[in-house]
Amino acid sequence: DQQVKQNSPSLSVQEGRISILNCDYTNSMFDYFLWYKKYPAEGPTFLISISSIKDKNEDGRFTVFLNKSAKHLSLHIVPSQPGDSAVYFCAAGWGSYGKLTFGQGTILTVHP
Amino acid sequence: GAGVSQSPSNKVTEKGKDVELRCDPISGHTALYWYRQSLGQGLEFLIYFQGNSAPDKSGLPSDRFSAERTGGSVSTLTIQRTQQEDSAVYLCASSLDSLGAFFGQGTRLTVV
């Protein structure tokens, strides 16, 4: 039972363009969502989060959008840079912080 | 140290042997989590420690898995009688009771 799904295993984008990473969830109990970035041989790094009471959160080049009715969130990176190339995981949680449910990840490649 | 430290970084063990994985969280972080990532999968929650509260063990896949956190700091994840399906990257994370846990680099466990 995959409660958090990232249906695109990979995404390729040109430098300077927008990267849009998508995530769907099924559990309506989730009340916060996070995006993590992971480079090979490193642990995931927290990027940005959003509470279920909001529909948008922005931090520099990163913006997360939440559509609760569609149980969908997305991460926008603009402009994309080659250093953004990594695996991106969305994660969701409720209640006790830390007990997160992760998606399978999307490999983002930004070409110079 | 400045970040979450895990040891060993790699462990190869024979099927049936016991293994211990260690996590040193960021100093002062009250919450500590263990996750694992199997090949091609997202991160799977295993166990969560918060201060002096009883740990949330709901993610441990079998009774061969156990974890403890001594003195509210270092944690050890023990896998008894390892099986090949236990092969994965085991990730530890800590946080200061807020969103955005900091992850270690992980321990890659290979059971042969």
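The values are calculated or read from the model by the stated rules, or taken from the named source; none is laboratory data. What you see is a predicted model, and the numbers here were worked out from it, not measured in a lab. With ideal geometry, Cβ positions are generated from the backbone for all residues, glycine too; neighbour counts draw on all protein chains shown. Side chains included, ligands, DNA and RNA excluded: accessible areas come from the protein's heavy atoms. Shrake-Rupley method; radii C 1.70, N 1.55, O 1.52, S 1.80 Å.
Structure notes:
- Considering the stretch A:12-31, and only residues there that are acidic (Asp, Glu) and in a loop (DSSP other than H, G, I, E, B), the residue that is farthest from residue A:80 (Cα to Cα) turns out to be A:31.
- Counting the residues of the stretch B:89-107 that are over 11 Å from the mean Cα position of the chain (by Cα), closer than 14 Å to residue B:43 by Cα and more than 9 Å from every other protein chain (Cβ to nearest Cβ) gives 0.
- Output for the stretch B:1-34, where each listed residue is assigned to a strand (DSSP E or B), open to solvent by 20 Å² or more (accessible area, probe 1.4 Å), away from chain A (no Cβ under 14 Å) and not basic (Lys, Arg): B:12, B:20
- Picking from residues in the stretch A:54-112 that are polar (S, T, N, Q) and not in a strand (DSSP E or B), the one that is surrounded by the most Cβ atoms within 10 Å (Cβ to Cβ) is A:80.
- Within the stretch B:46-62, considering residues that are within 8 Å of chain A (Cβ to nearest Cβ) and in contact with a Ser or Thr (Cβ under 7 Å, 6 or more places away or on another chain), the one least open to solvent (accessible area, probe 1.4 Å): B:48
- Listed by first and then second residue, the pairs linking a residue in the stretch A:36-58 that is within 10 Å of another protein chain (Cβ to nearest Cβ) and touching a residue at least 24 places away in the same chain (Cβ under 8 Å) to a residue that is of a type outside the set (D, E, K, R) and outside any strand (DSSP E or B), with Cβ atoms under 7 Å apart and 6 or more places separating them unless they lie on different chains, are A:36/A:44; A:38/A:44.
- Any hit, the stretch B:72-84, residues being free of Cβ contacts under 8 Å to residues at least 24 places away in the same chain and either closer than 14 Å to residue B:14 by Cα or more than 8 Å from chain A (Cβ to nearest Cβ) (or both): no
- Per-region count, the stretch A:1-21, residues open to solvent by 30 Å² or more (accessible area, probe 1.4 Å) and either within 10 Å of residue A:89 (Cα to Cα) or within 12 Å of another protein chain (Cβ to nearest Cβ) (or both): 4
- A count restricted to the stretch B:63-86 and to residues that are open to solvent by 40 Å² or more (accessible area, probe 1.4 Å), of a type outside the set (D, E, K, R) and either at negative phi or under 11 Å from the mean Cα position of the chain (by Cα) (or both) stands at 6.
- If the condition is being open to solvent by less than 10 Å² (accessible area, probe 1.4 Å) and either in a loop (DSSP other than H, G, I, E, B) or under 18 Å from residue A:95 (Cα atoms) (or both), then the stretch A:44-53 contributes A:44, A:50.
- Filter pass, residue A:34 being modelled with pLDDT of 95 or more and assigned to a strand (DSSP E or B): no
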